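Below is one structure, written out as structure tokens; comments come after it.
Read-outs throughout are calculated quantities, based only on the coordinates presented, and are distinct from any laboratory measurement. Since the structure is predicted, the reported quantities are computational estimates derived from the model, not experimental observations. For neighbour counting, all protein chains shown are included, and Cβ atoms are generated from backbone atoms with ideal geometry for every residue, glycine included.
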């Protein structure tokens, strides 16, 4: 599913990843943790095909990501929830989700159906659908952003601190979403500081430090 | 191929919808365009004969200034909340993204040109002698500026110095457009005995090269 | 790579030092010929018998004309290397493109300055708006000023290389269009009849001009060589820096800090 061997990635000239060895099987859920600046975000971006590895090998869903064309190909098959939500401030919630669904190549009919379903699953009530994004709270924005990902039904989920900025109800929604994704046969990589919360979802905890895997535990 | 145009249309419609909601062009850029015309009037001593003689050049300088603002806006829409990352992850072809972004800028430029045309007629007393030439010049120059500008907007995007870098990068490249469009307007507004239609050929060549080159080069810039 | 690190603490080598000496001697010889040994351009008007010509200003042309030619050589080199970079994505092409752009911009600036000084007595103006070559060269200069600004502003070396390559190619593609538009624009040029053709091509004049081409060609090669090596060393240093940074980053992991950060062992 995902395999990294001695993967090094640079941000400018800074070695954000200093040689990561990691293997994730299909259907697995893993929790990524580590101190700030350990390279969690860079690792997720690398797996999403947004960065080229400087050295080492990265294989995701059968794509060898050292090649530019393979990085482009893998991007469609993964979902990355990053720190920024990737929403357009002046468009409404529904318009944003619909835009991202169609940008991912889903046809209009299908996307409307999926959009409604996704928004409901994320507990965004109908009143919010026609609000412009700049009127939303941080938690609502994150849910909207997640809805845009759910619609795409990706094979690999890369979630960078999905719980950040959410209230208890929101966190439960995220947990349920991860559970659903796993149930549907998806592979999920979550980086989170919410250790206890994610532990219940995933037995495998990978700790990053200094841009490399420091500990890999499956109790 | 149909996916290509569907994607381009999707992006263009999205940008235009954002403009319709935020009204940045209408509330900020358009008044700025008129302000530029008024400032030229002050600078040139408000002599209408002088203004009329220089109207084509002043018109196109004003278009370029406004184009800079429209392009900055087009870039910042994608940068504000990391939407560009989302677009890269969507698997959309960079060429389609380019055509979409450039089309939206093109539409906005045409609106500005209509406004500025009214401006020089009212403020400078210009008279449109060849409407067809004015329209053709306006459309071709807008294609040239929108495509070159979108490419250069992508070049400067993500840099802290984007606002200051874009003009120095973009304006020299657009020098032929400024010259060509000004001369074509000289003819169309009856200011000088030049062959405006010949200048239109130059603009057409520039527009074609900018569209094709931009679509090709955009991939190298947007993809990581 | 590591063994070369020890020896390359300078951009000079025996070959380039020899080239440098020859270039500097050549430059001195050129200046001697251009400013002292050749005659000023003075002719008698066929009917009035007045003294006409470029007088001492002609001496600048021995520098100006070769500089102009080699400016274009440098920029074409930059464009070719940029295209090479976009296809092959290797550091060699990028380093060459950047070096050629930088040296080319310096040459281009000198062309404009020498041309302007020459134009004051001969054309009776510092600047001639309608002149095709003058305007084209100015636009080219501005475009490459933008190129250098962009490269300096971009921190990520790969992004810098890619964006620079696109700008260089656009600049060179745009050039014929700029040239054509200025030519039609004013439809006049003071440059047209190669002014050198009007000179009495004495043996010494021709020799000095040829010497100018030779010497400034050497100057271009010499500067390019060193600028290229500086770029290359910078890259190696950055690569070396990355290796060190990786080692430091990995050595720097503190077990206690990690546990504290992830909330274990407390």
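Extending 7 Å from the Cα toward the beta-carbon at both residue A:153 and residue C:39 defines two label points whose distance is 9.1 nm. When only alpha carbons are used to place a centre, the range C:32-60 and the range B:154-190 end up 42 Å from one another. The label point for residue B:118 and the one for residue C:83, both projected 7 Å from the Cα toward the Cβ, are 4.7 nm apart. Take each residue of peptide B:180-192, count the partner chain Cβ atoms within 10 Å of its Cβ, and average: the result is 1. Using only Cα atoms, find the angle between the long axis of helix B:131-156 and the longest principal axis of chain B, and express it within 0 to 90 degrees, rounded to the nearest 10. Relative to chain B, helix B:131-156 is tipped by roughly 40 degrees. Taking every DSSP helix (H) stretch of at least 4 residues in chain C, weighting each as -39,500 (n - 2.57) and dividing the sum by the residue count yields a mean residue ellipticity at 222 nm of -26500 deg cm²/dmol. Summed over qualifying helices (DSSP H, 4 residues or more, each -39500 (n - 2.57)) and divided by its residue number, chain A shows a 222 nm mean residue ellipticity of -10500 deg cm²/dmol. For the pair residue C:117 and residue C:22, a Förster radius of 35 Å applied to the C-beta separation gives a FRET efficiency near 0.80, rounded to the nearest 0.05. Here residue A:69 and residue C:92 are evaluated by their C-beta separation; at R0 = 25 Å the FRET efficiency comes out at 0.60. In terms of Cα atoms, the Rg and Dmax of the protein assembly as shown work out to 30.5, 107 Å. Calculated FRET efficiency, residue A:5 to residue B:35, Cβ-Cβ distance, R0 = 41 Å: about 0.10 to the nearest 0.05.
In whole Å, what is the distance between the alpha-carbon centres of the range A:137-204 and the range C:70-84? Cα centroid to Cα centroid, the span is 51 Å.
Between the helical axis of A:138-150 and the longest alpha-carbon principal axis of chain A there is an angle of about 80 degrees.
I need the shape label for chain C. Rule: rounded when a/c is under 1.5, else prolate if a/b > b/c, else oblate, with a, b, c from the alpha carbon gyration tensor. Since a/c reaches 1.5 and a/b is larger than b/c, the shape of chain C is classed as prolate. Compared with the alpha-carbon gap, the fully stretched path from residue B:42 to residue B:79 is longer by 9.6 nm at 0.36 nm per residue. Inter-label distance, residue C:32 to residue C:47: 4.5 nm, where each label sits 7 Å from its Cα along the C-beta direction.
With the convex hull constructed from alpha-carbon coordinates only, the range A:119-219 shows a mean projected area of 7.4 nm² over all directions. When chain B is treated as a GNM with alpha-carbon contacts under 10 Å, the residue of B:142, B:96, B:20 showing the greatest mean-square fluctuation is B:20.
Spatial offset of the range B:1-40 relative to the range A:58-112 amounts to 24 Å, using the alpha carbon center of each. Shielding value for C:161-172 is 5, the average number of Cβ atoms from other chains within 10 Å of each residue's Cβ. Note on C:133, A:23, A:75: ascending count of other Cβ atoms within 10 Å places them as A:23, C:133, A:75, the fewest first. Cβ crowding within 10 Å ranks A:74, A:173, C:69 as C:69, A:173, A:74, fewest other Cβ atoms first. Counting other Cβ atoms within 10 Å as a rough exposure proxy, the listed residues A:69, C:160, B:126 run A:69, C:160, B:126 from fewest neighbours to most.
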